[in-house]
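What follows is one structure encoded as structure tokens, with my remarks underneath.
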Amino acid sequence: IIRAAIDQINRHADTPIDALSLPLNDPQAFRLSAPGQTAAVFQMESEGMRGAYIGLKPDHFEDIIALISLYRPGPMELIPEYVARKNGKAPEYLHAELAPILNNTYGIIVYQEQVMQIAQRLAGYTLGGADLLRRAMGKKLGEEMAQQRSVFVEGAQRRGIEPAIAGQICDRREKGAADGVNRSHAAAYALVSYQTAWLKAHYPAEFMAAVLSAEMAHTDKIVPMLDECRRMNLAVLAPDINRSEYRFTVTPQGEILYGLGGLRGVGSSAVETVGEQRELGGPFKDIFDLCRRVDPRRANRRVLEAYIRAGALDALGTSRPALMATLPRAIQLAEQTLAGDAAGQTDLFGLAAPSANEAAATVTEDWSEYEKLAAEKEVLGLYLSGHPVEEFRDIIDQVCAGSFRQLIEAQSGAGVSGA
């Protein structure tokens, strides 16, 4: 997704951007958290994570690393305390030697590296011994952890730390970092999270086009992303035979153009022949021109009908039912021309292609709004230009407080399993 977004940005950018050169202190990227606008931001999409992100009010890259580390079974119990300390509550250190180790996490043990540093500094562990402690905690080796606790308390006591304090440090260590990750692992995830947040903040259309392209085969994921585009005031246009590519793209006006690859039953080869012919001969003038120029072995009647139902041929100037009615004649003429070309002959007495206006005259009545939406649903798997219940929106809003999707997300994010 990041690569696709940047490729699209760099098509028209005066100064190309590079994901690994983005500043890690950009206020706009962090501001996405304020209203919870983290949909499609890596690792920040679940209901629970969005809530934690909003509460944390991150303004530093370190905050994202910590949140990713804490949002796991076990450590996530510490999130409310971490958020409170981040937002002003004074951190607590059981011993002064802990301050330089836990300063970045407000006195809370979050990372496995911190466990190892504490063992070394407070109890005299060697680096290898500290790694054994980390491994015992990570694998929850009860007997070995009990043995390590004794070693830690004895080592700390030799360094002048009271056994009671050493025991409390062990308790906090096991509560937070036993199920935690190492900081370098979390930092790699956090970098991807930040990069997606930065792209969404600065290049929303290109980013969302890349997200939609990545989910083209999954309608259940496309629909909420289209809702997010509407929330962001990003226009998503119907596919267009003269402008669309296989993937979702962005117009010079900042609109997202639906990708032809998002149509059911339309493979990459069918889209490639369209692109090749546009490059060779320019935009298609009408349905006859389209059928004559594209390779029928790659874009057959079923594909062409899908284009019509999705609205991809609306730019050819006639209604969708008129295009459907004219399609058999257009295919017949294309096949006749192809056969004549193969034989090296020109059929002077064959059927002549009617004009676009004559084609439109074959059908005078357009599809109803419901028929158009039903056709879109058939080939796209979703309603694009509207929704059948939209006319009842005012009534629905009076009796419903939200959507089914919000209810499902709230349920899935309510427990630890949502992590």
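Kirkwood Rh over alpha-carbon pairs of the stretch 125-238, then Stokes-Einstein at 37 °C and 0.692 mPa s: what D in µm² s⁻¹, rounded to an integer? Spell out each step's value before the answer.
On the way: Rh = 18.3 Å.
It diffuses with D of about 180 µm²/s by this estimate.
Going 7 Å from the Cα of E162 in the Cα-to-Cβ direction, what parts of the stretch 97-123 have a backbone nitrogen less than 19 Å from that spot?
97-99, 122-123
Considering Cα pairs under 8 angstrom that are at least six residues apart, work out the relative contact order of the stretch 29-143 and quote it in whole percent. Mind dumping the intermediate values first?
Values: 90 pairs, mean separation 17.7, N = 115.
The normalised contact order for the stretch 29-143 reaches 15 percent.
Report Rg/Rh for the stretch 10-103, rounded to two decimals, where Rg is the Cα radius of gyration and Rh the Kirkwood radius. If you can, show how the numbers build up before the last one.
Working: Rg = 16.0 Å, Rh = 15.2 Å.
So for the stretch 10-103, dividing Rg by the Kirkwood Rh gives 1.06.
Leaving ligands and nucleic acids out of the surface, order V399, V303 by accessible area at 1.4 Å, largest first.
In descending accessible area the options line up as V399, V303.
Leaving out ligands and nucleic acids, note down the accessible area per residue over the chain with a 1.4 angstrom probe, in whole Å².
Details: 21420 Å² over 419 residues.
The answer is 51 Å² per residue.
I want to check the label-to-label distance for L338 and F392. Put each point 7 Å from Cα in the C-beta direction and report it in nm to one decimal.
4.5 nm
Would you tell me the accessible area of M225, worked out with a 1.4 angstrom probe on the heavy atoms of the protein chains, in Å² to the nearest 10?
20 Å²
Compute the acute angle (0 to 90°) between the alpha-carbon long axis of helix 47-56 and the principal axis of greatest extent of the alpha-carbon atoms of the chain; round to the nearest 10°.
60 degrees
For the stretch 52-156, what does the alpha-carbon gyration tensor say about shape, rounded, prolate or oblate, given a ≥ b ≥ c as the root eigenvalues, a/c under 1.5 as rounded, and a/b over b/c as prolate?
Details: a/c = 2.40, a/b = 1.70, b/c = 1.41.
Since a/c reaches 1.5 and a/b is larger than b/c, the shape of the stretch 52-156 is classed as prolate.
If R₀ is 22 angstrom, what is the calculated FRET efficiency for the pair E378 and A235, using the beta carbon separation as r and rounding to 0.05? The partial results should precede the final answer.
Values: r = 23 Å, r/R0 = 1.05.
That gives a FRET efficiency of 0.45.
If packing is taken as the mean number of other Cβ atoms within 10 Å per residue, what is the order of 64-74, 290-300, 21-31, 79-89, highest first? Please report the intermediate quantities before stating the final value.
Details: 64-74: 22.4, 290-300: 18.8, 21-31: 14.1, 79-89: 16.2.
The peptides rank, most packed first, as 64-74, 290-300, 79-89, 21-31.
Please label the shape of the chain as rounded, prolate or oblate, based on the square roots a ≥ b ≥ c of the eigenvalues of the alpha-carbon gyration tensor (a/c under 1.5 means rounded; beyond that, a/b larger than b/c means prolate, else oblate). It would help to have the intermediate numbers written out before the result.
Working: a/c = 3.47, a/b = 2.74, b/c = 1.27.
Prolate, since a/c reaches 1.5 and a/b exceeds b/c.
Assuming 0.36 nm per residue, please report the length gained on full extension of the stretch R135 to H12 beyond their Cα-Cα distance. All intermediate terms of the calculation are to be shown ahead of the outcome.
Details: separation 123, 0.36 × 123 = 44.28 nm, distance 4.97 nm.
Difference between extended and current length: 39.3 nm.
Short version: ³J(HN,Hα) in whole Hz for each residue of the stretch 144-157, in order, from phi by Karplus 6.51 cos²θ - 1.76 cosθ + 1.60 (θ = phi - 60°), x for Gly and Pro, what are they?
Here the 3J(HN,Hα) series is 5, 5, 4, 5, 5, 4, 5, 4, 5, 4, 5, x, 5, 5 Hz.
Taking only C-alpha pairs under 8 Å that are 6+ residues apart, what is the relative contact order of the chain in percent? All intermediate terms of the calculation are to be shown ahead of the outcome.
Numbers: 531 pairs, mean separation 64.5, N = 419.
Rounded, it is 15 percent for the chain.
Determine ³J(HN,Hα), in whole Hz, for all residues of the stretch 186-196 in sequence, where each value follows from phi through the Karplus function 6.51 cos²θ - 1.76 cosθ + 1.60 and θ = phi - 60°; x replaces Gly and Pro.
Working through the residues one at a time gives 5, 5, 5, 5, 4, 5, 5, 4, 5, 4, 5 Hz.
Counting only helical runs of four or more DSSP H residues, what would the 222 nm mean residue ellipticity of the chain come to if each run contributes -39,500 (n - 2.57) and the total is spread over all its residues? Intermediate results must be reported in sequence, preceding the final value.
Details: 21 runs with 237 residues, N = 419.
Result for the chain, helices only: -17500 deg cm²/dmol.
Please report the net charge: other residues with Cβ closer than 12 Å to the Cβ of K377, K and R +1, D and E -1.
Values: positive: R264, R309, K372; negative: E371, E376, E378.
With Lys, Arg at +1 and Asp, Glu at -1, the neighbours total 0.
For the stretch 393-403, in order, what is each residue's ³J(HN,Hα) by Karplus, 6.51 cos²θ - 1.76 cosθ + 1.60 with θ = phi - 60°, in whole Hz (x at glycine and Pro)?
In residue order, the calculated couplings are 4, 4, 5, 4, 4, 6, 10, 10, 8, x, 10 Hz.
Nearest 0.05, what FRET efficiency do A99 and A325 give at R0 = 60 Å with Cβ-Cβ as r?
Values: r = 79 Å, r/R0 = 1.31.
FRET efficiency, A99 to A325: 0.15.
Grab the other residues whose beta carbon is less than 14 angstrom from that of W367, score K and R as +1, D and E as -1, and report the net. The partial results should precede the final answer.
Values: positive: R309, R320, K372, K377; negative: E305, D314, E365, D366, E369, E371, E376, E378.
In short, -4.
Classify the stretch 201-260 as rounded, prolate or oblate from the Cα gyration tensor: take a ≥ b ≥ c as the square roots of its eigenvalues, call it rounded if a/c is under 1.5, otherwise prolate when a/b beats b/c and oblate if not.
Numbers: a/c = 1.63, a/b = 1.06, b/c = 1.54.
Judged from the Cα gyration tensor, the stretch 201-260 comes out oblate (a/c at least 1.5, b/c at or above a/b).
The values are calculated or read from the model by the stated rules, or taken from the named source; none is laboratory data. The shown structure was predicted, so the numbers you read here are calculated from the model rather than taken from an experiment. Here Cβ is always computed from backbone atoms with ideal geometry, including for glycine, and neighbour counts include all displayed protein chains. Heavy atoms of the whole protein, side chains included, go into the accessibility calculation; ligands, DNA and RNA do not. Shrake-Rupley method; radii C 1.70, N 1.55, O 1.52, S 1.80 Å.
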